[in-house]
Amino acid sequence: MGVSRRNLLTGAAAATAVVAFDPTRQSWLGHAAAQGCPGAIRIPRLDGELLFDAASLDVGATDFGHLVERRPAALLKPGSVRDVQRAVRFANRHGISVAMRGQAHSCFGQAQALCGIVIDTRTLDAIHSIDASGAWVDAGVKWSTLTLATLAEGLTPRVLTDYLELSVGGVLSVGGIGGAMNRYGFVADNVEALEVVTGDGCLHTLRHGDLFRSVPGSLGQFALIVRAKVSLDPAPTQARVYDLVYTDLSQFIADQRTVANDERFDFLEGQLIANDSGGFDFLLQAAMWFDAGSEPDDAALLAGLSPVATTTTDQPYFDWLNRVAAAEGFLRSIGLWETPHPWSDLFLDDRSVESYMRWTLDRLSPADLGFGLALLYPFKRRATRARYVATPNSRLVWAFDLLRFPFPDPAVIQALLDQNRELYEEAARLGGKRYPVSALDFDQADWIEQYGPRWRSFASRKRRYDPRNVLTPGQHVFGS
Ligand SMILES: Cc1cc2nc3c(=O)[nH]c(=O)nc-3n(C[C@H](O)[C@H](O)[C@H](O)COP(=O)(O)OP(=O)(O)OC[C@H]3O[C@@H](n4cnc5c(N)ncnc54)[C@H](O)[C@@H]3O)c2cc1C
C-alpha cells in the first residue's frame, strides 16, 4: 500500500489508502480512523509514493552491513524534489526523523531512521545535463550510470570510488575515497554546485557560500542533497596499471610516500595481501591514464622504487574503474554479498602509520578478512577541502580499510566488531580518524573526539541548518 497524489485523489483508492499519521501511537491511519483521531497529522500530497507495507519498511531497515536494523515508520519513493521538501517539512513540523537512503552500502545503519521516514533516492535518477563544465545529476544516480554517460561525451568524473554502484548523494555525503584523491581530494571536493534541502524543508541551489562548503562530507547532518553538478575532466581511453609487491612494510611505506609526495601517478592505492606464512605482504597499486600513441614512460614512473616484483597491464579505462564488478559477481555466487559485513574504515596519521601497522599486523590475520581484502594507501591532505570529513593532522593521510566478507557465524562477526573498536581506539590514540561508512558503534562522545576542534562549528551549523535535529539520525552524531 502507498500514498501518492493519484491514489489520494481517487475515491476507490482513498477507501483503503492511509491519509494521516498518529504521532501518539506512531501509526498510520485510514480515512475513518483519521476522522476519529483528533491529533492525526494529514500526509502531504506527493508526486511519488509513501510506503508503509512490511516489505518496504524492511528495505528501509536494512543495509549492506546486515548488522543493525532500525525500522522506519514509512519509506518514501520521491517522485520529485518537491516530495523531498514535503517530507522534510512534514518531519520538521512533527519532530519525525528523516534519512536519505542511496544504495545503502553503509555498514551500520547510517541511512536508517528508527520510526522516521526513509527517503529512497533510487527514484531520483535523472541525468539532466553533461558538458565540460560538469554533470547535473539527481542524488539517486549511481556513479556507474553517470560515468558511462560522461564517457559517451568524452568526459569523466575526476575522482571515483573503487566501487561504482553507489549513489551520487550517498558518496557526496560521506566524502568518497578512491585512487585519484592524492591529486584531487575526496569525491565530495569535486562538485561545482549542489541543490539541497535543509532541515526546515527549504530548497537551496548552491555554488558558493557557507552551506556549499559545509554540506559535502557532512553525513547528511545539515541538508539532504537532491542534485549535484559533478566536476568532469576529459576522459582517457586506457589505464596502465602497475602492481608492485613488497615483503617489507618499511619499504612499502617509504615507496608509497615517495610516489604520493611527487604525485607521479594518476591513481594510487595499496593493499595488504595474504602470504604463504599466514601473514601479509604488501601491494602498491598505481595507474596512469593514456590514449593509444601516448603510452606512459614506465622507466620514469618506476624509478627509485624497490618492490620485489612488478607487473604492468593495460586495460580499457572503464574496465579499470569498474574492476570491483567482477569481485561482486564472485561474492554473490558464494553467498557472501547479502551477509553481515563488519567493515573497518580508518584514516591514519602518517607520523605513526608504521608503528600502528606493526601493532595491527600482530592482531590481524588474513582469516579476519574472510573473502575480502584490506586497503592501505596514502593521500595528500592538502588536496582535500571538505570541511567535515575528519582526517588526521598530518601532511600525508593513510586510508586503511578492512573490507571483510566473513562467514556469517554470529560469534565471528561479534569478534570482528570488537576488533574494529580496538583498531579504531588505537588509531584515534595516535591521531587517526574514522571514515564513517564502517561498522563501528559511535556515540556523541566519539563524534566530539572525531571532529576535535571542528566540533563546535559542526554543532553550530547543525543548529542553524537543522534546528529540530530531524536529519539523518542513523549516524548518531546528535543522539537518537
Ligand atoms: C562494495 C563496496 C565498495 C565501496 N567502496 C567505496 C570506495 O571505494 N570509496 C568510498 O568512499 N566508499 C566506498 N564504499 C562505502 C560507500 O561509500 C558508502 O557506503 C557510501 O555511503 C555509499 O553510498 P550509498 O549510496 O550506498 O549511501 P548510503 O549508504 O545510502 O548513505 C550513506 C549516508 O549518507 C546519507 N545519504 C545518502 N544519500 C544522501 C543524500 N542524497 N543527501 C544526504 N545524505 C545522504 C545516508 O543517510 C547515510 O547516512 C563502498 C561500499 C561497498 C559496499
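Quick note: the coordinates plus some simple rules give every number you see, no bench work behind them. Quick caveat: nothing in here was measured; it's all calculated off a predicted structure. Glycine also receives a Cβ, built like all others from the backbone with ideal geometry; neighbour counts cover every protein chain displayed.
What to note about this one:
- Span-like helix ranges in the chain, DSSP H, alpha carbon extent 24 angstrom or more, Kyte mean at least -1.0: 410-429
- Normalised by the number of residues in segment 125-234, the mean separation of alpha-carbon contacts (under 8 Å, six or more apart) gives a relative contact order of 32 percent.
- Neighbourhood net charge (14 Å Cβ-Cβ; Lys/Arg +1, Asp/Glu -1) for Leu164: -2
- Neighbour net charge for Asp243 - beta-carbon separation under 12 angstrom, K R +1, D E -1: -1
- Once you reduce segment 386-408 and segment 45-83 to the center of their Cα atoms, the two points are 29 Å from each other.
- For the chain, with +1 on Lys and Arg beta carbons and -1 on Asp and Glu, the positive-most of Ser133, Ser306, Gly95 along the dipole: Gly95
- Look at the alpha carbon pairs under 8 Å that are at least 6 residues apart: their mean separation over the length of the chain gives a relative contact order of 15 percent.
- The chain: calculated mean residue ellipticity at 222 nm from DSSP helix runs of at least 4, using -39500 (n - 2.57): -8000 deg cm²/dmol
- Sorting the segments 117-125, 227-235, 48-56 by their mean number of nearby beta carbons within 10 angstrom, highest to lowest, gives 117-125, 227-235, 48-56.
- Note on segment 50-120: dipole from Cβ charges, positive end direction compared against Gly109, Val84, Leu67; the farthest Cα belongs to Val84.
- Of all aspartates and glutamates in the structure, the ones whose alpha carbon falls short of 12 Å from that of Lys77, not counting any fewer than 8 places away in one chain, are Asp47, Glu49, Asp120, Asp125.
- Under the criterion of Cα pairs below 8 Å and six or more residues apart, the relative contact order for segment 2-122 equals 23 percent.
- Cα-based shape type of segment 222-341, given that a ≥ b ≥ c are square roots of the gyration tensor eigenvalues and the cut on a/c is 1.5: oblate
- Ratio Rg/Rh [Cα only; Rh per Kirkwood] for segment 310-452: 0.99
- Here's how it looks for Ser394: its modeled amide H is under 5 Å from those of Asp350, which are all 5 or more places away or on a different chain.
- Summing charges over all other residues whose Cβ lies under 9 Å from the Cβ of Met181, with Lys and Arg as +1 and Asp and Glu as -1, gives +1.
- With a Förster radius of 41 Å applied to the beta-carbon distance between Val308 and Glu422, the computed FRET efficiency rounds to 0.85.
- About its Cα centre, the dipole of segment 2-122 is roughly 420 debye, where the only charges are +1 on Lys and Arg Cβ and -1 on Asp and Glu Cβ.
- Centroid-to-centroid, using Cα positions, segment 275-326 and segment 16-36 are 59 Å apart.
- Multiplying each eigenvalue of the alpha-carbon gyration tensor of the chain by 5 and taking the square root yields semi-axes of 40, 24, 21 Å, largest first, rounded to whole angstroms.
- Antiparallel bridge percentage (DSSP; both residues within the chain; nearest 5): 90 percent
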